[in-house]
Amino acid sequence: MVLFTLCATFFCTFVLPLSLFLAAIKLWEIYCISGRDRSCEKPLPPGSMGLPFLGETLQLVLQRYKFLKMKVRKYGHIYKTHLFGSPTVRIMGADNVKQILLGEHKLVSVQWPASVRTILGAGCLSSLHDSEHKLRKRVILKAFSREALENYIPVMREEIRAGLRRWLERGSCVLVYPEMKRLMFGIAMRILLGFEPSQTNPRTQQQLIEAFEEMTRNLFSLPIDVPFSGLYRGLKARNVIHAKIEENIRKKVARREVPPGQFKDALQLLIEHSEQSNQPLRLQELKESATELLFGGHETTASAATSLVTFLALHPEVVQKIRRELQEQGLLGSDAEENKQIRIEALEQLKYTGSVIKETLRLSPPVPGGFRVALKTFVLNGYQIPKGWNVIYSICDTHDVATNFSKKDKFNPDRFMEGCPEKDACRFNYIPFGGGSRSCVGKEFAKILLKIFTVELVRACDWQLLNGPPTMKTNPTVYPVDNLPTKFTPFPYKI
């Protein structure tokens, strides 16, 4: 009897769990193999699918850069994996990316992970498809027309100058990344959502920034909505943001007319379209669209502007060239009128400054890539992509493997200047804003904002990185791990 009890205990403690684990692994292997479309003769891409049911999500979350680089070294420009609960193919390289970006609605359709769709909502632009996407994009693009951008410039300059003054007054260490998020958040609140400065006092602004940070930290999380999970925390933070946006929507609806001399922000245009449409947007859809605009309008520009500060600090000769260009255009020195309005035409003449921004976005694109799902089985670079599998195209890796850029690791804005053969190479080698029908709706807004920030920065400041070149991380946009501690000092307009 004792022997039987010992055997039963051993079986239940060791043999049964091990058998179940081995069975789970075998079932996982069968599941992974069965994902192949038998009607297509091409093989699946190389790669591994990771742990049963969990796939390789944990490795991606915990070791993102190291994990992705290992995958590229081992499998090349296209490989299979299992992420966020779905079999996935990750791709890079101009030819592969081109087929995906131009295959929207034919080969693939946008589909972000379940956690992203849950937090941002089904009513935002990035989740819409076909005619709904085209219509919403057309409405939002009105907020980024040339005329609208011209109206935004004074607000951008006002906010940026106020931010730079704060940094200079600090006199010692400024943590650039959190300060940049605060700066870009204030600009996005005023321009994209029409918040008045009185509505964005420092305390309210800080509460919303913290809510956005919590939301974005948990965008890419396991789709499990239980207390203290990433998805739970992300949704809780999103609700804080939605409450403030709803307050602003109700004020706009009650006011009806935009005061004379005030521009129409993106949210105002969405509200007007909703009121004029046969299928008006519900309040929840308006809140989701506004949240997406605010996320895209400040998170990505804060990342890019922080990278600009980094690269310019490491390359003082580039700062000198920008200042010479500004001086040639009458925008620097004693002849420059600081309070004179800068128009888009003047910004367009700053070719070298524009090249500096392009080179920054090449080396450090804020958004690492995009998510799609295969609408049907198709062949990509000799491999089958089965129907229903997710496809992730990588922006940063596509820039890294581009063959047209010489000395790819070097910061060289001249490569984008007129006459340089690298400038006119295949456009899918350079995709910081994505491409095709899903290209970033606010890319012209971002370009103008980054150019004005660069102009005001080099006119007002000299600066030094206190920790040297930073280590960069992605979650979900690129940022410096140490928050980029920097000392800013006034620039006396001498070159």
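Listing for the model above:
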{"quantity": "Accessible surface, per residue, of the stretch 46-114 when the full set of protein chains is kept, probe 1.4 Å, Å²", "calculated": "44 Å²"}
{"quantity": "Reach of Lys244 by Cα under 20 Å, taken over lysines that are not fewer than 8 positions away in the same chain", "calculated": "Lys181, Lys236, Lys252, Lys264, Lys287"}
{"quantity": "Cα-Cα over 29 Å, subset of Lys71/Lys134; Lys69/Lys98; Lys142/Lys473", "calculated": "Lys71/Lys134; Lys142/Lys473"}
{"quantity": "Convex hull of Cα atoms in the chain, direction-averaged projection (nm²)", "calculated": "29.3 nm²"}
{"quantity": "Accessible carbon and sulfur surface of the chain relative to its total accessible area, %, 1.4 Å", "calculated": "56 percent"}
{"quantity": "Arg203/Lys408 FRET efficiency (R0 56 Å; Cβ-Cβ; nearest 0.05)", "calculated": "0.80"}
{"quantity": "Solvent-accessible area of Arg282 with every protein chain in place, 1.4 Å probe, in Å² to the nearest 10", "calculated": "150 Å²"}
{"quantity": "Förster radius 25 Å - calculated FRET efficiency between Val61 and Arg38, Cβ distance, rounded to 0.05", "calculated": "0.15"}
{"quantity": "Share of pairwise Cα separations in the stretch 333-490, more than 28 Å, in percent", "calculated": "34 percent"}
{"quantity": "Net charge of neighbours whose Cβ lies under 13 Å from the Cβ of Phe371, counting Lys and Arg as +1 and Asp and Glu as -1", "calculated": "+3"}
{"quantity": "For the chain, share of DSSP beta bridges that run antiparallel, in % to the nearest 5", "calculated": "80 percent"}
{"quantity": "Virtual paramagnetic centre 7 Å along Cα→Cβ of Val155, amide N under 20 Å, in the stretch 216-257", "calculated": "241-257"}
{"quantity": "Total formal charge among the other residues, if their Cβ is under 10 angstrom from that of Pro45, Lys/Arg +1 and Asp/Glu -1", "calculated": "+3"}
{"quantity": "Solvent-accessible surface ranking, highest first, for His399, His129 at 1.4 angstrom", "calculated": "His129, His399"}
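The values are calculated or read from the model by the stated rules, or taken from the named source; none is laboratory data. The shown structure was predicted, so the numbers you read here are calculated from the model rather than taken from an experiment. We place every Cβ from the backbone using ideal geometry, glycine too, and count neighbours over all the protein chains shown. Heavy atoms of the whole protein, side chains included, go into the accessibility calculation; ligands, DNA and RNA do not. Shrake-Rupley method; radii C 1.70, N 1.55, O 1.52, S 1.80 Å.
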